[in-house]
1. Being open to solvent by 80 Å² or more (accessible area, probe 1.4 Å) and out of contact with any Gly (no Cβ under 8 Å at 6 or more places or on another chain) is the filter here; which residues of the stretch 154-170 pass it?
2. Can you run down the residue pairs with Cβ atoms below 8 Å, 6 or more apart or on separate chains, where the first is in the stretch 37-52 and more than 16 Å from residue 142 (Cα to Cα) and open to solvent by 30 Å² or more (accessible area, probe 1.4 Å) and the partner is at pLDDT 85 or above and β-branched (Val, Ile, Thr)?
3. For residue 145, work out the one condition from (1) among the charged types (D, E, K, R); (2) within 17 Å of residue 42 (Cα to Cα); (3) outside any helix (DSSP H, G or I) it doesn't fulfil.
4. Could you name every one of the helices (runs of 4 or more DSSP H) located completely within the stretch 47-137 that has at least 3 residues being small (Gly, Ala, Ser)?
5. Across the stretch 127-151, what is the total count of residues that are closer than 24 Å to residue 95 by Cα, surrounded by fewer than 17 Cβ atoms within 10 Å (Cβ to Cβ), within 13 Å of the chain's Cα centre (by Cα) and of a type in the set (A, V, I, L, M, F, W, C)?
6. Which residue out of 114, 101, 105, 130 is of a type outside the set (Val, Ile, Thr) and modelled with pLDDT of 85 or more?
7. Within 16 Å of the chain's Cα centre (by Cα), open to solvent by less than 40 Å² (accessible area, probe 1.4 Å) and of a type in the set (S, T, N, Q): does that describe residue 20?
8. Only one of 121, 92, 104 is among the charged types (D, E, K, R) and open to solvent by less than 70 Å² (accessible area, probe 1.4 Å); which?
Amino acid sequence: MYYLGSWVYTQFNYFMSIYTKYLELHPVKGIFLYMLFFICGMQVFVPPGAFISFTTPTFMAMFGSYQGILLHFVIVFVTEHTGIFVTYFIGRYICRIGDFLARRLEYFDVFNSLVVTKGARITFLIRLCLIVPYDVVNYVMSTTDISLKDYFIGNNGFIMDFIVSTYIGI
């Protein structure tokens, strides 16, 4: 398992180094490609922090320290919310695993009723916890009856993850 993890890490490093060179040569195309990779990566459990920490220095070098971080934040904000909602709709309408979980897990109904009443608050607190796997939360929350508005408001807790990942990338 260690060898598989180290192989994936080295391949991801190699891919991101090629991508950052492309981003420097073609900024507009590179930003849209970044958004596409980010959204697709969220669907297959690539942590968003990996993308953020690798591309922060590139944005800072291209646009200056403060402007680069601000532009990167805006791009990540839009892309992350888009990826969250793509995951949400895949989990809710395509995978349809909520009914399965409700039948198999005895505490799922309690969690579901809690999310229905305090959905934004719970989602926000889960997003603040950097230990919880980000993409798993997307799929788990899509199985509940949380409203789209509460889910959108609660997902702004990922800003803490952005700050930490940006700091690591600097």
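The values are calculated or read from the model by the stated rules, or taken from the named source; none is laboratory data. Quick caveat, the model's predicted, so the values are computed rather than measured. Glycine gets a Cβ as well: all are built from the backbone with ideal geometry, and neighbour counts include every protein chain shown. We work out accessible area using only protein heavy atoms, side chains counted, and drop any ligands, DNA or RNA first. Shrake-Rupley method; radii C 1.70, N 1.55, O 1.52, S 1.80 Å.
1. The first filter runs over the stretch 154-170 and keeps only residues open to solvent by 80 Å² or more (accessible area, probe 1.4 Å), leaving 160, 163, 167-168, 170.
The answer is 160, 163, 167, 170.
2. 39/79; 39/82; 39/86
3. (2)
4. Numbers: elements: 48-63, 65-89, 98-104, 108-128.
Once the helices (runs of 4 or more DSSP H) in the stretch 47-137 are filtered for at least 3 residues that are small (Gly, Ala, Ser), what remains is 48-63, 65-89, 108-128.
5. Filtering the stretch 127-151 down to residues closer than 24 Å to residue 95 by Cα leaves 127, 132-151.
In the following step, the residues that additionally are surrounded by fewer than 17 Cβ atoms within 10 Å (Cβ to Cβ) were identified as 132-133, 136, 145, 147-149.
Retained after the next criterion (residues that are within 13 Å of the chain's Cα centre (by Cα)): 132-133, 136.
Filter again for of a type in the set (A, V, I, L, M, F, W, C), leaving 132, 136.
The qualifying residues number 2.
6. Numbers: 101 fails: modelled with pLDDT of 85 or more; 105 fails: modelled with pLDDT of 85 or more; 130 fails: modelled with pLDDT of 85 or more.
When all the criteria are applied, what remains is 114.
7. Details: within 16 Å of the chain's Cα centre (by Cα): no; open to solvent by less than 40 Å² (accessible area, probe 1.4 Å): yes; of a type in the set (S, T, N, Q): yes.
In short, no.
8. On the way: 121 fails: open to solvent by less than 70 Å² (accessible area, probe 1.4 Å); 104 fails: open to solvent by less than 70 Å² (accessible area, probe 1.4 Å).
Sole residue among the options that is among the charged types (D, E, K, R) and open to solvent by less than 70 Å² (accessible area, probe 1.4 Å): 92.
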